[in-house]
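Notes to accompany the following structure.
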Amino acid sequence: MSSINSLERNLLLDVAKQALTYGKKYHSVLPVNTAEYPKNLQQQKACILSLIENNQILKTSGGLVPWQALVSDVAHNAFALSNSSIGNQGFCK
């Protein structure tokens, strides 16, 4: 298992923010070209995303079974959060 470095973590956070905004605007998953990301983020990995406000988890999305590139999984899970009735509007600005 390889760990995520700070650059990769920031890239994934950017993808999550973009995917939340894109999902709210276009009602679909942010298109991600995995080849544009570091190899570590192109590997099949799973993730769980959480929307947190005032130190409380509002909603989570994701899974434990890897089925796509990690960067794509982040985009898909953020899209799922963007369609939730609960959301941190400040995160999407």
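Annotations for the structure displayed:
- In region 43-55, residue surrounded by the most Cβ atoms within 10 Å (Cβ to Cβ) [restricted to those that are at pLDDT below 95 and more than 18 Å from residue 9 (Cβ to Cβ)]: 53
For every residue, the table says whether it meets (1) closer than 13 Å to residue 74 by Cα; (2) open to solvent by 100 Å² or more (accessible area, probe 1.4 Å); (3) not in a helix (DSSP H, G or I).
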| site | (1), (2), (3) |
| --- | --- |
| 9 | yes, yes, no |
| 16 | yes, no, no |
| 20 | yes, no, no |
| 24 | no, no, no |
| 32 | yes, no, yes |
| 41 | yes, no, no |
| 57 | no, yes, yes |
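- Failed condition for residue 67, given (1) closer than 18 Å to residue 23 by Cβ; (2) free of Cβ contacts under 8 Å to residues at least 40 places away in the same chain; (3) surrounded by fewer than 17 Cβ atoms within 10 Å (Cβ to Cβ); (4) not hydroxyl-bearing (Ser, Thr, Tyr): (1)
- Of all residues in region 18-30, those that are over 14 Å from residue 71 (Cβ atoms) have Cβ atoms under 7 Å from Cβ atoms of residues that are surrounded by fewer than 17 Cβ atoms within 10 Å (Cβ to Cβ) and polar (S, T, N, Q), 6 or more apart or on another chain, in 23/83.
The values are calculated or read from the model by the stated rules, or taken from the named source; none is laboratory data. Since the model is a prediction, treat every value here as computed from it, not as a measurement. Note that we place each Cβ from the backbone using ideal geometry, even for glycine, and neighbour counts take in every protein chain shown. Ligands, DNA and RNA are excluded from the accessible area calculation, which covers all protein heavy atoms including side chains. Shrake-Rupley method; radii C 1.70, N 1.55, O 1.52, S 1.80 Å.
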